[in-house]
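Student: Provided herewith is a single structure, encoded as structure tokens, for subsequent inquiry.
Derivation of every value follows stated rules applied to the coordinates shown; laboratory data play no part. Owing to the predicted nature of the structure, the values given are computational and were not obtained by experimental measurement. For neighbour counting, all protein chains shown are included, and Cβ atoms are generated from backbone atoms with ideal geometry for every residue, glycine included.
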Amino acid sequence: MGSFLRVAEIINSFDIGGGEVQLLALLERLKGRYALAVHALEVRGPLLAPLRALGFEPEGHPLGGSLASRGAVRAIASLARAFRRDRIELVHAHDFYSSFVAVPAARLAGAAVVVGRLDLGHLQSPPQRTVLAGITHAADAVVVNCEAIHRLVVDEERVPAERVTLIRNGIDLEAFDARRAAPLAAPLPDLGGRPSVVLVANMRHEVKRQEDFLHALALARRERPEVAGFLVGEGDRTPWLRSLAARLGLDGSTFFLGRRADVPAVLSRATIGVLVSSLEGLSNAVIEGMAAALPMVVTDAGGNGELVKHGERGLVVPVADPEALSRALLDLVRDPARARRLGAAGRSYVEAELTLPRMVSGHERVYQRVVSGRHGLAAALGRAGGAARQVAVGGIEFLRERMAGAR
């Protein structure tokens, strides 16, 4: 593999999330065509098993504290040594924390670097978002997965548009369809043919707004008491959400399914799909719902409306508006033929625009372009401006000084 482009992929961990799933799919398709190394800040998570099944053993570089700690400096130094050892030509960092260490490490090792921006920064504090903007400016290229993030990076953070590439998430439809047709891993409540609405989202972050779904379901059931709800996901908000469902009188009609390994099979048994986030990137949950030919009802957050397109592939409602969500659900329950048309249109869109080969080829074009015509660090930072440039320049120089003093 000596003549192959030598690429290092790095992510925070291998917990279940959209970015982690997309990285796994990318590695599967790039394997054999690139000399790949995989790194993580924390070598943990349920996706480790499928990663290892692909033949990759990730190398860990724990931060061991805050971003300003000595642990962060050690992680950067460790990464830089690994990149030099493996003669890495290009580094691709997939989230905030991995980008924080990967960008300076790649620069110290003389490698090109690509930063993935796959959300709207809603999990970072304002100072962290400033740091992220600086890191993004210091990269050779930036990959975003929806138009909302593209606008954030280019219009607000002022990263030059020519360095930002929109690559939407991809799904392996053949594998998805096989899982959709497979038996359930665990039984679902017997609804006796009643319509069901399914929401797939983790219960760790408030931005997922499952409470709005529960309120909307309670409102919809005033007119159509036969409607039931499924919530797939887990997290520390689960007990509070269960308590809310009970207070809303949803016992016996709303079911918390926890983490499911058979999400496509669950989707195939639902009537309507929902995502009610207040902030979102390009949601794999929405993509999978569309791939299952479900009519999707989503909030107008991030890439949701871009995927669904109101009235064409589903319905889009305002954020944090259970009444509007309830009306949309009732519209689809009352008109099953329209619901089927919207679901079929969503599936067609996924088949045309959101395939895994399309996603992988987009990344390959970025990799080849960056390596063949990359600009140096000075040129990249010279195009950056304002606070972002100061963060990038000052941060990397600070790290160089700290690492030199540690020798």
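Student: Of all the strands (runs of 3 or more DSSP E) wholly in segment 1-119, which have at least 3 residues that are under 20 Å from the mean Cα position of the chain (by Cα) and of a type in the set (A, V, I, L, M)?
Tutor: Of the strands (runs of 3 or more DSSP E) lying wholly inside segment 1-119, those with at least 3 residues that are under 20 Å from the mean Cα position of the chain (by Cα) and of a type in the set (A, V, I, L, M) span 6-11, 112-117.
Student: Next up: In segment 301-329, what residues are more than 24 Å from Arg221 (Cβ to Cβ), in a loop (DSSP other than H, G, I, E, B) and out of contact with any Gly (no Cβ under 8 Å at 6 or more places or on another chain)?
Tutor: Within segment 301-329, Ala301, Lys309, Gly311, Glu312 qualify.
Student: Shifting gears a bit: Has segment 341-348 got any residue that is farther than 30 Å from Arg29 by Cα, outside any strand (DSSP E or B), touching a strand residue (DSSP E or B) at 6+ places or on another chain (Cβ under 6 Å) and touching a residue at least 40 places away in the same chain (Cβ under 8 Å)?
Tutor: So far as segment 341-348 goes, yes, one or more of its residues are farther than 30 Å from Arg29 by Cα, outside any strand (DSSP E or B), touching a strand residue (DSSP E or B) at 6+ places or on another chain (Cβ under 6 Å) and touching a residue at least 40 places away in the same chain (Cβ under 8 Å).
Student: Within segment 202-226, which residues are part of a loop (DSSP other than H, G, I, E, B) and crowded, with 23+ Cβ neighbours inside 10 Å?
Tutor: Across segment 202-226, the qualifying residue is only Arg209.
Student: Okay, next question. Any chance segment 255-275 includes a residue that's assigned to a loop (DSSP other than H, G, I, E, B), within 24 Å of Glu323 (Cβ to Cβ) and small (Gly, Ala, Ser)?
Tutor: Yes - at least one qualifying residue is present in segment 255-275.
Student: Among residues belonging to segment 1-17 that are touching a Gly at 6+ places or on another chain (Cβ under 8 Å) and surrounded by 19 or more Cβ atoms within 10 Å (Cβ to Cβ), point out the one that is nearest to Phe83 (Cα to Cα).
Tutor: Ile11
Student: Exactly one of (1) out of contact with any strand residue (DSSP E or B) (no Cβ under 9 Å at 6 or more places or on another chain); (2) of a type outside the set (A, V, I, L, M, F, W, C); (3) closer than 28 Å to Ser348 by Cα; (4) not in a loop (DSSP other than H, G, I, E, B) is unmet by Gly229. Its number?
Tutor: (1)
Student: Out of all the residues in segment 142-158, which are crowded, with 16+ Cβ neighbours inside 10 Å, touching a residue at least 60 places away in the same chain (Cβ under 8 Å) and either under 15 Å from the mean Cα position of the chain (by Cα) or closer than 19 Å to Val91 by Cα (or both)?
Tutor: The answer is Val143, Asn145, Cys146, Ala148, Ile149.
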